[in-house]
1. Show the residues, 5+ positions off or on another chain, whose built amide H is closer than 5 Å to the amide H of A242.
2. Quick one: with all protein chains in place, what share of the accessible area of the chain is carbon or sulfur, to the nearest percent (1.4 Å probe)?
3. In µm²/s, what is D for the chain at 37 °C and 0.692 mPa s, where D = kT/(6 pi eta Rh) by Stokes-Einstein and Rh is the Kirkwood radius from Cα pairs?
4. Tell me, what is the 1.4 Å probe accessible area of D87, in Å² to the nearest 10?
5. Sorting check: for 97-103, 58-64, which peptide has the highest mean count of neighbouring beta carbons within 10 Å, and how do the rest follow?
6. Using unit Cβ charges (K, R positive; D, E negative) and no other charged atoms, how large, in debye to the nearest 20, is the dipole of the chain about its Cα centre?
7. What would the Debye formula give as log10 I(q)/I(0) at q = 0.29 Å⁻¹ for the alpha-carbon point model of the range 112-152, no solvent?
8. Taking only DSSP H segments of four or more residues, each worth -39500 (n - 2.57), what value at 222 nm results for the chain once the sum is divided by all its residues, to the nearest 500 deg cm²/dmol?
Amino acid sequence: MLSKFVEELPEHYISKIMKEINNIENCINLGQGNPDMKTPSFITNHMSRTIESGVYSGYPSFTGSEALKLELINLYKSKFNVHLDMDEVVIVPGGKTALSMIATTILNYHDRVIIPDPYYPDILPVLNSLKVSIDFLPLKKENFFLPRYSDLPIEIYESARMIYLNYPNNPTGAVANDYVFEEIISLALKNNFYILHDFAYGEIGFDEITPRSFLSYNSSKNVGVELYTFSKSYNMAGMRIAAVVGNKEIISGIEKILCNFYTGVYGAIQEAAIIGIQEGEEYKKKIAKCYEERRNIFLDNFCNKEVLAPKSTFYCWIEIPKNFTDSYQFFRHLLYEKKIGVFPGGGFGSQGERYVRISLLDTKENLRLAAKLIGECY
């Protein structure tokens, strides 16, 4: 008999779907959220030399090297016009782990939490383990998948402990406007709750759009933190490195969790992240342009021209045909009849049941073919 904690954990939905896709031979896999391009050589070559030097053979710093923190401080200043101090930055072993750390730093058992719907699925396990009460804030197509905070009663904000937001948004590809952040900061200040902003796709923008950091808004550091990762724009997903920046009290709490339950990120990986920041600006622009071109190819060849073109991320969020009951039924039809793997939108919440998420993580030829084959279902 395992612990009650483990027994109550659900089957991991993303793993379940990916296993089903991977069982199909010669499948075009547009269900994954795993970047398909290699980590650039200027990062891997430096990391190899660092490993060979043996300088990082010992245990790493629990909370991250000062050198990497300084690079992140410089990045946030130059790119997002955000001033950070050293005690407002902590290095963590990947974004998914960081979400759990942040949640357990802020929340007590049975607190009230607001999350968007659709949501990033991996935020749910830690919330459920804390037995919190979850209120879902709908993100709808008619509002370009941005929140209308008035959709929830004011009483929910008055009793909330935390809200989770993620812009640029996975799965919809939406980019936040000023209202999204200014209004929620105002509500947080008035009602004394925290904001957790997941900025994983923050350096990917299409159509000459540059996503803004939550921390670039007035009073943001008083009420929240932002999660910055190296997985997407630097293609360092396998290295598991990220940073949490913002509110000093929350950062201090995360550091306490790191010191008690984790070891820090391997020093050579931190060195790789430093080189990524120092030398990666043109590379990041190239990556964003590549995803924009893939988006255009997919949508140009897709029959449904009413799809809202994503402004960031590497996903398209498309409505399913009317003759299908739900997203999972359509997912199975595409997988077994067309040999195309997508991600059923129901896995992102009730607002996703009439959608599937398309990952733009394949060749242009496969994206063109997949768009035509999926279009045959409409």
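The values are calculated or read from the model by the stated rules, or taken from the named source; none is laboratory data. Fair warning: this is a prediction, and the values are worked out from it, not measured in the lab. Don't worry about glycine lacking a Cβ; one is built from the backbone with ideal geometry, like all the others, and counts go over all protein chains shown. Note: accessible area is taken over every heavy atom of the protein model, side chains too, but ligands, DNA and RNA are not part of it. Shrake-Rupley method; radii C 1.70, N 1.55, O 1.52, S 1.80 Å.
1. For A242, whose amide H was placed from the backbone, the distant partners under 5 Å are V92, G94.
2. Within the chain, the accessible surface is 49 percent carbon and sulfur.
3. So the translational diffusion coefficient is about 153 µm²/s.
4. Accessible area of D87: about 80 Å².
5. 97-103, 58-64
6. 520
7. Here log10 of I(q) over I(0) equals -1.00.
8. -12000 deg cm²/dmol
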